[in-house]
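The values are calculated or read from the model by the stated rules, or taken from the named source; none is laboratory data. Here the structure is a predicted model, which is why all the values come from computation and not from measurement. Positions of Cβ are backbone-derived with ideal geometry, glycine not excepted, and every protein chain shown enters the neighbour counts. Heads up: the accessible areas ignore ligands, DNA and RNA and are worked out on the full protein's heavy atoms, side chains in. Shrake-Rupley method; radii C 1.70, N 1.55, O 1.52, S 1.80 Å.
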Amino acid sequence: MNSEILEHLESVVNSLNVKDKNNLSKIYFQIMGSDYITKINLENLKYSEDLETSNDSLIIMMDEATFFELKNNIKHPEDLMFDEKIKVKGNLELLK
């Protein structure tokens with residue numbers, strides 16, 4: 001996985017305004033490259049080997065190209081959700 005992705009995730013996580021920071025342990029970012037799938041826990045930015053999660057968690061999924069389109073302001077997140085390039089699965093209440 002591109003190290004720039006992890007650095008940017010750290011910046012995003014640090015700026016999140018979440019009421020309960022413990023919820024971050026249940027939120028995952030899953031990124032897919034041409035030859036890999038990586039899932040990262042947002043609480044500690046550690047890789048998770050398990051691609052399955054509990055019903056009480058949240059996974060934000062996208063491919064690497066989509067990540068860079070967002071990061072570089074080429075695309076707006078809403079446009080990508082309608083094109084099904086970003087998938088969100090699980091408990092959205094964790095983002096409050």
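Between 0 and 90 degrees, rounded to the nearest ten: what's the tilt of helix 3-15 against the longest Cα principal axis of the chain?
So the inclination is approximately 50 degrees.
Rounded if a/c is under 1.5, else prolate if a/b beats b/c, else oblate: with a ≥ b ≥ c from the C-alpha gyration tensor eigenvalues square-rooted, which is the chain?
Working: a/c = 1.35, a/b = 1.26, b/c = 1.07.
It is rounded, given that a/c, with a ≥ b ≥ c, falls under 1.5.
Starting from the Cα-Cα distance between Glu93 and Phe68, subtract it from 0.36 nm times their residue separation and give me the gain in nm to one decimal. Walk me through the numbers on the way to the answer.
On the way: separation 25, 0.36 × 25 = 9.00 nm, distance 2.62 nm.
Result for the pair: 6.4 nm of gain on full extension.
Using amide H atoms built 1.01 Å from N in the peptide plane, name the residues 5+ places from Lys75, or on other chains, whose amide H lies under 5 Å from its own.
Those lying under 5 Å, H to H, from Lys75 are Leu70.
Considering only protein heavy atoms and a probe of 1.4 Å, how much of the accessible area of the chain is carbon and sulfur, as a whole percent?
Working: 2990 of 6360 Å².
Here carbon and sulfur together make up 47 percent of the probe-accessible area.
Where both residues lie in the chain, what percent of DSSP beta bridges are antiparallel, nearest 5?
Values: 12 of 18 bridges.
Around 65 percent antiparallel, to the nearest 5.
Looking only at GluC sites (Glu not before Pro) in DSSP loops with at most 10 other Cβ atoms within 10 Å, what is the longest site-free stretch of the chain? Write out the running numbers ahead of the final one.
Details: sites that count: Glu49, Glu52, Glu84.
For GluC sites (Glu not before Pro) (loop position, at most 10 other Cβ atoms within 10 Å), the longest site-free span of the chain is 1-48.
Express the accessible area of the chain per residue in Å², computed with a 1.4 Å probe while the remaining protein chains stay in the model.
Working: 6360 Å² over 96 residues.
For the chain, the per-residue accessible area is 66 Å².
Under a crude label model (7 Å from the Cα following the beta-carbon direction), how far is Glu84 from His8 in nanometres?
Result: 2.4 nm between the two label points.
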